[in-house]
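Step one of this worksheet: look at the structure below.
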Amino acid sequence: MKKKYEKIFQEFTFLSGVEVKNRIMVAPMTHYSSEESGEVSERELAYYKERTGGVGTLITACTYVSKDGKGFPGQFSIDDDRFIPGLKKLAQTIQANGTKAVIQIFHGGRQSPPQLLPDQQPVSASAVAAESEGAAVPREMTEIEINRTIQAFGDATRRAIEAGFDGVEIHGANTYLLQQFFSPHSNRRKDQWGGSLENRMKFPLAIVDSVQKAVKEHAKNPFIVGYRISPEEGSNPGIQLEDTLQFVDKLADQGLDYLHVSVNHFWNGSFREEDKTESRIIKIHEKIGDRTPVVGVGSLHTADEVVEALETGIPFIALGRELLMEPKWIEKVLAGEEDQIRKTLSRKAQEELVIPDPLWDRLMNVKGWLPVED
């Protein structure tokens, strides 16, 4: 390994006490490859196994905490104790070569496709459809449903602990339910859960509290709790960067192990306010300082680019597309073979890269997300 890459391989101990061997995480990526029942599949296990060992931490694809929150075909479930044996296999597969296993827990809210739901009716903070063609109008959640969902995140955390995971990541990003409560577009409520910025924070903060209580009650070993957030959204009205800076200030007081910022490019500034050109990840890091470690992500392909991002003071980098194309990214940097890291996806490499058919089909058909070559 070249000396200039040493920063990538520094160990880190989270607030919870969990120690990781380096500063690289596998970003959570939907793979559409679980069984229809919600069980973890063998093809999933093989996919994850290929991407562990080198990286310090792997965050799984999101798993739904209740049946009314399923967001994708081929998504795995954590909504019932019967899934624990399969989840245990997944945790053990990830951990086998020294990678920490973090499972992302999720509710799709109004983004859940109706055909995947028991009653074909998405729910959300308010009965407001997403700004996309053909989007279903969700049903506004009742107080009972809100409290039931808060509890479902706590129950999911207990199952993650029993399955042997090293932590959970609460999915509060990418326009799903927690973000829907925070957003002035999707949350038009007049009760305690809506209206002011402070009220719109209450639901995600209650989820954090539920998860933390489950950890305190059930975890016998140090256990990570992370939170993923999108700093802005394109809807009007929508979440603005200033809203998020106030929210992360509150989140940083919750005893979280990390805050994972979901953006397409690490260095990009605001897309809502063109005069704010500084990286949103760096602005969030500046806001919360050393209270909660920030995980940066977004179009960092080479070891040099990752080091440049780490030198800003951001302690962790999550790699997604990069580890789809190059599962041995870390190993190649460690061996001084960083010039051999693949930066394109060959149409002939599916078997070598251990990518399941459902995910492969999407990668081949979504233009612009990955550079594909013949």
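The values are calculated or read from the model by the stated rules, or taken from the named source; none is laboratory data. Being a predicted model, the structure only gives us computed values, none of them experimental. Positions of Cβ are generated from backbone atoms using ideal geometry, with glycine treated the same way; all protein chains shown enter the neighbour counts. Ligands, DNA and RNA are excluded from the accessible area calculation, which covers all protein heavy atoms including side chains. Shrake-Rupley method; radii C 1.70, N 1.55, O 1.52, S 1.80 Å.
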Quiz item: From the list Glu273, Glu305, Glu331, which residue is more than 15 Å from Phe9 (Cα to Cα) and either assigned to a loop (DSSP other than H, G, I, E, B) or over 16 Å from the mean Cα position of the chain (by Cα) (or both)?
Solution: Glu273
Quiz item: Can you tell me which residues in the stretch 233-254 are crowded, with 18+ Cβ neighbours inside 10 Å and under 18 Å from Leu205 (Cα atoms)?
Solution: Ile239, Asp243, Thr244, Phe247, Val248, Leu251, Ala252
Exercise. Test Tyr47 against the stated conditions and say whether it is aromatic (Phe, Trp, Tyr), open to solvent by less than 20 Å² (accessible area, probe 1.4 Å) and in contact with a Pro (Cβ under 7 Å, 6 or more places away or on another chain).
Key: yes
Practice problem: Look at the stretch 150-206 and say how many of its residues are in a loop (DSSP other than H, G, I, E, B), of a type in the set (D, E, K, R) and closer than 20 Å to Asp257 by Cβ. | Solution: 1
Quiz item: Looking only at the stretch 276-300, which residues are assigned to a loop (DSSP other than H, G, I, E, B) and open to solvent by 60 Å² or more (accessible area, probe 1.4 Å)?
Solution: Lys276, Thr277, Glu278, Asp290, Arg291
Exercise. Scan the stretch 69-90 and give yes if some residue there is modelled with pLDDT of 95 or more, more than 29 Å from Pro122 (Cα to Cα) and either open to solvent by 10 Å² or more (accessible area, probe 1.4 Å) or basic (Lys, Arg) (or both), otherwise no.
Key: yes
Quiz item: Taking only pairs six or more apart or across chains, which ones have beta-carbon atoms under 8 Å, a first residue in the stretch 102-120 that is more than 14 Å from Cys62 (Cβ to Cβ), and a second residue that is assigned to a helix (DSSP H, G or I) and open to solvent by 50 Å² or more (accessible area, probe 1.4 Å)?
Solution: Leu117/Lys67; Pro118/Lys67
Quiz item: List pairs: first in the stretch 8-29 and touching a residue at least 40 places away in the same chain (Cβ under 8 Å) and over 26 Å from Asn264 (Cα atoms), second in a strand (DSSP E or B) and basic (Lys, Arg), Cβ under 7 Å, 6+ apart or cross-chain?
Solution: Val18/Lys100
Quiz prompt | Whichever residue in the stretch 124-148 is buried (at least 24 other Cβ atoms within 10 Å of the Cβ) and touching a residue at least 60 places away in the same chain (Cβ under 8 Å) and, among such residues, is nearest to Arg110 (Cα to Cα) | solution = Ser124
Quiz item: Out of the stretch 239-252, which residues are in contact with a Lys or Arg (Cβ under 7 Å, 6 or more places away or on another chain) and not in a helix (DSSP H, G or I)?
Solution: Gln240, Ala252
